Each structure stands twice: as C-alpha cells, then as structure tokens.
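Accompanying notes for the structure given below.
The values are calculated or read from the model by the stated rules, or taken from the named source; none is laboratory data. Everything numeric here is computed off the predicted structure, so don't read it as measured data. Virtual Cβ from ideal backbone geometry, glycine too; neighbours counted across all protein chains shown.
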C-alpha cells in the first residue's frame, strides 16, 4: 500500500493531524499494522465522558478500516 497514491487527500490530512508522515512508497504489512495500532490508540485515548471516543471513531474510522483491509 502506498499512502500517497492509495489514500484520498482527506485521509492524508487525517494522518497529518495524528502526526503521521506519509511517504510516496510501498508500506509493508507490518508498517500498516503499526499505523492501525497508532490510530486505534489515538481513538481510545479520547475521553468517554463527553463522547469524544465516538467522535474520534467517526472521524478516523474510515481511515482505520482502510488500513485493516490492507493488513
């Protein structure tokens, strides 16, 4: 999977918001798994008191599904 060519501009912006730099190269399955973990960690680090987990899941869920599909 190449993050620069396989992801939409919107999903690339979401990665940048998480502090993940995307490069124009093929990422290995292990690198994709690491990215999945990073996104999941971010989502579940949000507060559940004011529904921030659900908001983060709505925002980053599609991106996470793309990575899980490409693991």
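List pairs: first in the stretch 55-71 and under 14 Å from residue 6 (Cβ atoms), second not in a helix (DSSP H, G or I), Cβ under 6 Å, 6+ apart or cross-chain?
70/1
What are the residues in the stretch 27-47 that are out of contact with any strand residue (DSSP E or B) (no Cβ under 9 Å at 6 or more places or on another chain) and in a loop (DSSP other than H, G, I, E, B), if any?
28, 45, 46, 47 - these are the residues of the stretch 27-47 that are out of contact with any strand residue (DSSP E or B) (no Cβ under 9 Å at 6 or more places or on another chain) and in a loop (DSSP other than H, G, I, E, B).
Determine which member of the set 33, 49 is over 9 Å from the mean Cα position of the chain (by Cα) and exposed (fewer than 11 other Cβ atoms within 10 Å of the Cβ).
From the options 33, 49, the qualifying one is 49.
Let me confirm something: among 24, 50, which residue is at pLDDT below 95, touching a strand residue (DSSP E or B) at 6+ places or on another chain (Cβ under 8 Å) and assigned to a loop (DSSP other than H, G, I, E, B)?
24
Among (1) free of Cβ contacts under 8 Å to residues at least 24 places away in the same chain; (2) over 10 Å from the mean Cα position of the chain (by Cα), which single condition is residue 26 missing?
Of the numbered conditions (1) free of Cβ contacts under 8 Å to residues at least 24 places away in the same chain; (2) over 10 Å from the mean Cα position of the chain (by Cα), the odd one out for residue 26 is (1).
Kindly indicate whether any position in the stretch 5-14 is in a loop (DSSP other than H, G, I, E, B), out of contact with any strand residue (DSSP E or B) (no Cβ under 7 Å at 6 or more places or on another chain) and surrounded by 11 or more Cβ atoms within 10 Å (Cβ to Cβ).
Within the stretch 5-14 (the criterion being in a loop (DSSP other than H, G, I, E, B), out of contact with any strand residue (DSSP E or B) (no Cβ under 7 Å at 6 or more places or on another chain) and surrounded by 11 or more Cβ atoms within 10 Å (Cβ to Cβ)), the answer is yes, since at least one residue qualifies.
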